[in-house]
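Have a look at the structure below, then the notes.
The values are calculated or read from the model by the stated rules, or taken from the named source; none is laboratory data. What you are looking at is a predicted structure, and each value in this text was computed from that prediction instead of being measured. Positions of Cβ are backbone-derived with ideal geometry, glycine not excepted, and every protein chain shown enters the neighbour counts.
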């Protein structure tokens, strides 16, 4: 765990200390089960509380069952379950065997599920009853539902693995192209821990209890919450919400005495639109998309604390974070480099720059993927020398990193380069706006114009007058060249299952001229 000292001391003194033998099953379960078997591991709001000793029994029985079905070291095994103790136990069991777990979303449609399972070459999936129905149509893929099986008992001896041995295959959300499998090693959890601790003001304090509405099939749910919480001995709350609502959120927080929450930006926007207040929390963290100053100001009013933003991606996560316990946040910045990660803004030659450039992470981060599964060409394209390219544009000012947007999301208009995040943040401060996505629309005169797709709050109706009002609202607050020259009102924005706006869909809509454009 990180020690409470100054940020500079933490960053300068930090070194990865990876042992020759490392298996995440030991980190998140077996070590605690051996030392404190009754210690609370998972607070399952439907199935009840589970201690580390019981979690190890569940994982061992699943490991025996999987081996009996022919699973061996290096095999890929899917996990198609919602938040819950069996979901955690499934990943742990797979790691014990030395196999590779594949987190799969229950929200996947048939084609999305098939593409990932077939790409990974998975022959078996650990599922719940609903997931089993989804898997039934997949040829050559077996399914194991722990609740429907008489599982073998007995201790399962975890196979010896090293920090660089493959452990988990997590598919990208596909916001900018077809999903790719990021193959991570057993060191990936260790790589996440400093950032998770920072984003929750030194997670692991007495009374801490961690929850996220994000599905554990997303790297943000699995490795920003579930597994770090288990590794640090912090109780992790499992709540299967068919749909996130402010009311359900408040119920979970109160019922489980939650103290620490990771909220995806979409959830925060819904809470803000519902004028929800959640006092009494110790920490709130958020990542996936930048929040902006208005959302942070609202968070202080709604939660009585400063939301700690963090940054990363499936290929290398939790590399930048804010930490209110260490330093004051800087408006417009997403945080500072997490100890153990060398994060820079570089140019096309791979050199650090002081102005705008590509956000990149130097090789050596324990959280960095091994490769894209079976895609050596795309793996090579992801790197420039010693740097892993994120595909994001940004600026570093006094060590603080300001996110401008995806490289292909930055709008070029009349010679100006415009980041969509600042415009979205501005529009979100308007009383009528629930959420918004900003993209560039092709324009013969300006190359591109700023196009805003707006979802309104209840009680507000789309109109030309409101579009004019929103345009003027931005004009009065940002640069004159960055206001949205066209606005379309939508009932909802296209989202991935992880809650990110699918900008390529908005760009396609803008290019086609569809929507109630103004």
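Set side by side, the residues 191, 229 differ, and just one is within 17 Å of the chain's Cα centre (by Cα), outside the structural domain of residue 81 (by TED's automatic domain parsing) and either touching a residue at least 60 places away in the same chain (Cβ under 8 Å) or under 30 Å from residue 115 (Cα atoms) (or both), which is 191. Taking the criterion of being surrounded by fewer than 19 Cβ atoms within 10 Å (Cβ to Cβ) and part of a helix (DSSP H, G or I), the residues of region 7-28 that qualify are 7, 8, 9, 11, 12, 13. Residues in region 81-93 that are out of contact with any helix residue (DSSP H, G or I) (no Cβ under 7 Å at 6 or more places or on another chain) and closer than 16 Å to residue 124 by Cα: 2 in all.
The residues of region 93-116 that are assigned to a loop (DSSP other than H, G, I, E, B) and free of Cβ contacts under 8 Å to residues at least 60 places away in the same chain, listed by number, are 99, 109. Any residue at all in region 29-45 that's farther than 30 Å from residue 251 by Cα, assigned to a loop (DSSP other than H, G, I, E, B), touching a residue at least 12 places away in the same chain (Cβ under 8 Å) and touching a helix residue (DSSP H, G or I) at 6+ places or on another chain (Cβ under 8 Å)? No, the conditions are met nowhere in region 29-45. Quick check on my filter: what residues within region 117-134 are surrounded by fewer than 24 Cβ atoms within 10 Å (Cβ to Cβ) and not in a loop (DSSP other than H, G, I, E, B)? If the condition is that a residue be surrounded by fewer than 24 Cβ atoms within 10 Å (Cβ to Cβ) and not in a loop (DSSP other than H, G, I, E, B), then 117, 118, 119, 120, 124, 129, 130, 131, 132, 133, 134 are the ones that fit. The set of residues in region 294-323 being in contact with a strand residue (DSSP E or B) (Cβ under 8 Å, 6 or more places away or on another chain), surrounded by fewer than 21 Cβ atoms within 10 Å (Cβ to Cβ) and modelled with pLDDT of 95 or more consists of 305 alone. Checked against the criterion of being in contact with a strand residue (DSSP E or B) (Cβ under 8 Å, 6 or more places away or on another chain) and closer than 25 Å to residue 148 by Cα, the candidates 81, 56 yield just one match: 81. Scan region 307-343 for residues that are assigned to a loop (DSSP other than H, G, I, E, B), touching a residue at least 60 places away in the same chain (Cβ under 8 Å) and under 15 Å from residue 202 (Cα atoms) and the total you get is 8. Among all positions in region 234-244, there is no residue which is part of a helix (DSSP H, G or I) and either at pLDDT below 95 or closer than 25 Å to residue 189 by Cβ (or both).
Of everything in region 252-279 that's in a loop (DSSP other than H, G, I, E, B) and in contact with a helix residue (DSSP H, G or I) (Cβ under 8 Å, 6 or more places away or on another chain), which residue is farthest from residue 45 (Cα to Cα)? Only one residue tops the list, namely 274. Of all residues in region 344-377, those being outside any strand (DSSP E or B) and either under 22 Å from the mean Cα position of the chain (by Cα) or farther than 20 Å from residue 320 by Cα (or both) number 14.
The residue list 140, 98 contains one member that is surrounded by fewer than 16 Cβ atoms within 10 Å (Cβ to Cβ) and over 24 Å from the mean Cα position of the chain (by Cα), which is 140. Within region 274-289, identify whether any single residue is farther than 23 Å from residue 225 by Cβ, surrounded by fewer than 21 Cβ atoms within 10 Å (Cβ to Cβ) and at pLDDT below 95, and answer yes or no. Yes; the residues of region 274-289 include at least one that is farther than 23 Å from residue 225 by Cβ, surrounded by fewer than 21 Cβ atoms within 10 Å (Cβ to Cβ) and at pLDDT below 95. If we scan region 145-154, do we find a residue that is surrounded by 23 or more Cβ atoms within 10 Å (Cβ to Cβ) and either modelled with pLDDT of 90 or more or farther than 24 Å from residue 365 by Cβ (or both)? Taking every residue of region 145-154 in turn, none turns out to be surrounded by 23 or more Cβ atoms within 10 Å (Cβ to Cβ) and either modelled with pLDDT of 90 or more or farther than 24 Å from residue 365 by Cβ (or both). Within the span defined as region 252-263, one or more residues are in contact with a strand residue (DSSP E or B) (Cβ under 8 Å, 6 or more places away or on another chain), under 27 Å from residue 166 (Cα atoms) and modelled with pLDDT of 95 or more.
Evaluation of residue 4 against the conditions (1) in contact (Cβ under 8 Å) with a residue 24 or more places away in the chain; (2) closer than 24 Å to residue 205 by Cβ; (3) surrounded by 14 or more Cβ atoms within 10 Å (Cβ to Cβ) shows that the sole unmet condition is (3).
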